[in-house]
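The values are calculated or read from the model by the stated rules, or taken from the named source; none is laboratory data. These figures come from a predicted structure and were not determined experimentally. Note: ideal-geometry Cβ built from the backbone for every residue, glycine included; neighbour counts use all protein chains shown. Keep in mind that these areas ignore ligands, DNA and RNA; they rest on the heavy atoms of the full protein, side chains included. Shrake-Rupley method; radii C 1.70, N 1.55, O 1.52, S 1.80 Å.
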Amino acid sequence: MKSFEIQSGFGLDNLKLVDRADPVPGHGEVLVRMRAASLNFRDYLTVIGQYNPRYKLPLVPGSDGAGEVLSVGPGVEEWKSGDRVMSCFALDWLSGIPGLKQVRNSSLGGPLDGTLTELRVFPARSLVAIPEALSYEEAATLPCAGVTAWSALATETQVLPGQVVVVLGTGGVSIFALQFAKMMGAVVIVTSSSGEKLAKAQALGADHVINYRDKPAWSKEVRRITAMEGADHIIEVGGAGTLEESLKAVKFFGHISLIGILAGSAKELNLLPILMQNVRMQGVLVGSRNGLEQSARAIEAHKIKPVIDRTFPFSETRAAIQYLADGKHFGKVSISIP
Ligand SMILES: NC(=O)c1ccc[n+]([C@@H]2O[C@H](COP(=O)([O-])OP(=O)(O)OC[C@H]3O[C@@H](n4cnc5c(N)ncnc54)[C@H](OP(=O)(O)O)[C@@H]3O)[C@@H](O)[C@H]2O)c1
């Protein structure tokens, strides 16, 4: 089989297409022909050595994927050849609050080999059926970006109809958050650096949009839109560079899901608003297999289509990663595996 491998050192140039031995499913395992993967910011950071420089190489990147069951090992009853499946992000995190090692040691695309490969063996319990209406490319966007947005809005807190959700930016996680928040009946405010992307967000149902390049103090806009009350929930993917504005934009007893650090991980910050506003700050690290099943059911029931900006062929994975890193995309960037 062919796989993309970060070889002797990190860096996009060290990501090589190599031949590897075809894997064979053991007891309780399933052999999947990967048909699609989607790219996450984490995958880019992993390839360039900034996610975890201690990951052992060679490593196949790719945090999520979808494919077709080719064969099953002894003891597997829940899957059969031809079934369409998605992989979980952390193979051993099935539900509830996991142990640290359960997540850290079983995550795809580091430390475990990921999904940018033609074939992969998975434990049978770490796969979820693809909703009928989704293509492999669409399904591959769920296990990391989709589940992260789901965990933020449905697991770690529950969004109620009429509540105000602010979604920062228009990347993979944020566009899923927009779609799920609308499904839950929320009023959604989307921020972006691009007027064109904001128009696309409106077409997807965003009630209000703010260009954070034109209005760096965007929290004032959120206050204005909410009659000075502030937002109930904030999907915070910027981190240190955006948290100060998020703290000004969130309402008394509001909720901030800290998901990403696109605008930096460290900064001097005034913590007073967190306690004076009784803000609930929740770190979110993807989610469990149960979260993947729940989000897939929601997507099926509400006929939600994951938003794919562009699909690259497997052979052009390096160009796809560069495209993601350049940040011109809206929603997800996908890889189609032959
Ligand atoms: N904790 C977790 O479990 C988890 C899971 C998935 C992702 N993440 C993290 O969450 C972040 C987003 O991931 P992703 O895969 O969705 O990335 P992505 O698709 O690459 O999203 C990039 C988008 O983020 C927006 N952005 C960048 N800087 C911003 C800023 N200062 N303010 C507001 N928006 C900004 C930009 O939107 P515009 O172009 O519209 O301005 C950009 O296009 C990353 O840091 C990633 O590592 C965490």
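The angle separating the long axis of helix 289-301 from the principal Cα axis of greatest extent in the chain is about 70 degrees. Remark on the stretch 157-283: Rg and Dmax equal 13.1, 37 Å (Cα only).
In a shell of Cβ-Cβ distance under 11 Å around residue 330, excluding residue 330 itself, what net charge do Lys and Arg (+1) and Asp and Glu (-1) give? For residues surrounding residue 330, the net value is +3. Under the criterion of Cα pairs below 8 Å and six or more residues apart, the relative contact order for the chain equals 19 percent. Working ranking of peptides 287-299, 197-209 by packing, defined as the average number of other Cβ atoms within 10 Å per residue, highest first, is 287-299, 197-209.
Bridging of residue 200 to lysines at a Cα separation below 17 Å is possible for 182, 305, 328, 332, once same-chain residues fewer than 8 apart are set aside.
Helices in the chain, meaning DSSP H runs of at least 4 residues, each add -39500 (n - 2.57). Divided by all residues, the mean residue ellipticity at 222 nm is -7000 deg cm²/dmol. Straightening the chain between residue 57 and residue 319 buys 92.2 nm, computed as 0.36 nm per residue apart minus the Cα-Cα spacing. Over all other residues within a Cβ to Cβ distance under 9 Å of residue 223, the charged ones net out to +1, with Lys and Arg as +1 and Asp and Glu as -1. Angle of helix 317-326 to the longest C-alpha principal axis of the chain, folded into 0 to 90 degrees and rounded to 10: 10°. The accessible area of residue 300, taken with all protein chains in place and a 1.4 Å probe, comes to roughly 100 Å².
Ligands, DNA and RNA excluded, the heavy atoms of residue 16 present near 80 Å² of accessible surface to a 1.4 Å solvent probe. Take every Cα-Cα pair in the chain and report what % of them are more than 35 Å apart. The calculated P(r) of the chain puts 20 percent of pairs beyond 35 Å. Per-residue extension of 0.36 nm, minus the Cα-Cα distance of residue 104 and residue 305, leaves a gain of 69.4 nm for this segment.
As a rough guide to protection, the peptides 136-145, 236-245, 58-67, 20-29 ranked by mean Cβ packing within 10 Å, highest first, stand as 136-145, 58-67, 236-245, 20-29. Taking only Cα atoms, what is the 0 to 90° angle, nearest 10, from helix 240-249's long axis to the longest principal axis of the chain? Relative to the chain, helix 240-249 is tipped by roughly 50 degrees.
Length available on full extension from residue 328 to residue 17: 0.36 nm per residue minus the Cα-Cα distance, which gives 109.4 nm. Using the Kirkwood radius over C-alpha pairs as Rh, can you work out the diffusion coefficient of the stretch 240-311 via Stokes-Einstein at 10 °C, viscosity 1.306 mPa s, in µm² per second? Using the Kirkwood radius from Cα pairs, D works out to 107 µm²/s.
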